[in-house]
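Enquirer: Sharing a structure with you now.
The values are calculated or read from the model by the stated rules, or taken from the named source; none is laboratory data. What you see is a predicted model, and the numbers here were worked out from it, not measured in a lab. No Cβ is skipped: glycine too gets one built from the backbone with ideal geometry, and neighbour counts run over all protein chains shown.
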């Protein structure tokens, strides 16, 4: 009995995970993975960098007979981009509805909060030259308390590291 050979090209991980993640997103947030993946195309690169779709809030239906009503797209937005998103809300709604294939969204609600969870990294301070280290050590030699001397040297290193080398 020969093992069946699996053919074809490798598939992106997002395609494989989408089958699992999409139903969870739809259930928890009323949003699809397709919307998250297409957000840059929907909002544009500048706006997508400072915004993120959070969920689609659907109006409650009291009975099954009640007609479908479009929901509200909740978008997390950095404060600096809120006005721009508000101005472009009509275009965003049109693009979301075109992506989903029906009139799913009628309004955008802006939720001002940080979008990028990782703060920007500061570059590592430069290493001091041997002359700078020696100069710093000479300046703190007269301090008797070892803890205070170490703290002053650390402060001096950070100040000197910030200065540009000439």
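Enquirer: So in region 60-76, with the set limited to residues that are touching a strand residue (DSSP E or B) at 6+ places or on another chain (Cβ under 9 Å) and assigned to a loop (DSSP other than H, G, I, E, B), which one is surrounded by the fewest Cβ atoms within 10 Å (Cβ to Cβ)?
Expert: Among those that are touching a strand residue (DSSP E or B) at 6+ places or on another chain (Cβ under 9 Å) and assigned to a loop (DSSP other than H, G, I, E, B), it is 69.
Enquirer: For the condition assigned by TED's automatic domain parsing to the domain that holds residue 51, modelled with pLDDT of 85 or more and surrounded by 17 or more Cβ atoms within 10 Å (Cβ to Cβ), what is the one hit in 79, 98, 89?
Expert: The conditions single out 89.
Enquirer: If you go through region 145-163, how many residues are under 12 Å from residue 125 (Cβ atoms) and outside any helix (DSSP H, G or I)?
Expert: Residues in region 145-163 being under 12 Å from residue 125 (Cβ atoms) and outside any helix (DSSP H, G or I): 1 in total.
Enquirer: Name the residue, out of 30, 44, that is over 30 Å from residue 163 (Cβ atoms), under 22 Å from the mean Cα position of the chain (by Cα) and at pLDDT below 85.
Expert: Of the residues listed, the single one that is over 30 Å from residue 163 (Cβ atoms), under 22 Å from the mean Cα position of the chain (by Cα) and at pLDDT below 85 is 30.
Enquirer: Looking for something out of contact with any helix residue (DSSP H, G or I) (no Cβ under 7 Å at 6 or more places or on another chain), surrounded by 10 or more Cβ atoms within 10 Å (Cβ to Cβ), without any contact (Cβ under 8 Å) to a residue 60 or more places away in the chain and assigned to a loop (DSSP other than H, G, I, E, B) - is there at least one such residue anywhere in region 129-144?
Expert: Yes, some residue in region 129-144 is out of contact with any helix residue (DSSP H, G or I) (no Cβ under 7 Å at 6 or more places or on another chain), surrounded by 10 or more Cβ atoms within 10 Å (Cβ to Cβ), without any contact (Cβ under 8 Å) to a residue 60 or more places away in the chain and assigned to a loop (DSSP other than H, G, I, E, B).
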